[in-house]
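Please read the structure below before turning to the comments.
Please treat every number below as a calculation from the coordinates, not as lab data. Since the structure is predicted, the reported quantities are computational estimates derived from the model, not experimental observations. Cβ sites come from the backbone with ideal geometry, for glycine too, and all protein chains shown count toward neighbours.
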Ligand SMILES: [Zn+2]
């Protein structure tokens, strides 16, 4: 079972794994800060499992290009990242059956800090409790979950199987309702 560790313990582990890289997201992309569990990857994008999470099953979508603003990102790159985040959310709904998924592009406004980055990325986070609030999810003050390599591999395998299935339009509502005809 994933176990909860304190924020301090997590930060200590993260520093031991890769120090404090110039860009955390580029360092993840380049596999310089510990193992990367990639659900999906191509030349432009990486969809992976962050290894320090507030809720089990959290997925992150990362454009590989080092972009730190939406102006730099452009609509094509951000559109692709958003489409993958949508697919990831559908995958979480399929696999984890959460009460809700949060999608958020947060990141650091104060330069690179340990475990937060200026490099744009999207969090896809499953919520399991009716009383979960953004402040519970986006703060580490109550600790973070970590897991063993075997547990990460098991989750990764489940997600990789569900990933292609989560791209199809099964069960979705299209925008072309009666008013649009
Ligand atoms: Zn970067």
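Give the distance, in whole Å, between the Cα centre of region 101-157 and the Cα centre of region 33-94.
With region 101-157 and region 33-94 each reduced to a Cα centre, they are spaced 12 Å.
Show that you can apply the helix-only estimate: for the chain, add -39,500 (n - 2.57) for every DSSP H stretch of four or more residues, divide by all residues, and state [θ] at 222 nm to the nearest 500.
Details: 5 runs with 65 residues, N = 181.
Calculated at 222 nm, the ellipticity per residue is -11500 deg cm²/dmol.
May I ask for the angle, rounded to the nearest 10°, between helix 70-95 and the longest principal axis of the chain, with both axes built from Cα atoms and the value confined to 0 to 90°?
Orientation of helix 70-95: about 80 degrees from the principal axis.
Nearest 10 degrees, 0 to 90: what angle lies between the long axis of helix 7-18 and the longest principal axis of the chain (Cα atoms)?
On a 0 to 90 degree scale, this one is about 90.
Between 63, 134, 98, find the one with the highest GNM mean-square fluctuation for the chain; connect C-alpha pairs within less than 10 Å.
134
With both bridge residues required to lie in region 1-93, what share of the DSSP beta bridges run antiparallel, to the nearest 5%? Working shown, then result.
Details: 8 of 8 bridges.
Once the DSSP bridges in region 1-93 are tallied, antiparallel ones form about 100 percent.
Taking the Cα atoms of region 28-134 alone, what are Rg (to one decimal) and Dmax (as a whole number) in Å?
Here Rg and the maximum Cα pair distance are 13.6, 39 Å.
With the radius of gyration and the Kirkwood radius both derived from the Cα set of the chain, what is their ratio Rg to Rh? Write down the numbers at each step before the final one.
On the way: Rg = 16.6 Å, Rh = 17.2 Å.
Looking at the chain, the ratio lands at 0.97.
On a 0 to 90° scale, report how tilted helix 149-165 is relative to the longest principal axis of the chain, with both axes built from alpha carbons and the result rounded to the nearest 10.
Orientation of helix 149-165: about 20 degrees from the principal axis.
At 0.36 nm per residue, and after removing the present C-alpha to C-alpha distance, how many nm does the segment from residue 104 to residue 130 gain when stretched out fully? Mind showing how you got there, number by number?
Values: separation 26, 0.36 × 26 = 9.36 nm, distance 1.87 nm.
Full-extension gain reported as 7.5 nm.
Grab the Cα-Cα distance for residue 20 and residue 158, subtract it from 0.36 nm times how many residues apart they are, and report the gain in nm with one decimal. Mind showing how you got there, number by number?
Values: separation 138, 0.36 × 138 = 49.68 nm, distance 3.10 nm.
Stretched out fully, the residue 20 to residue 158 stretch lengthens by 46.6 nm.
How far apart, in nm, are two points set 7 Å out from the Cα along the Cα-to-Cβ line at residue 1 and at residue 114?
Those two pseudo-labels are separated by 2.7 nm.
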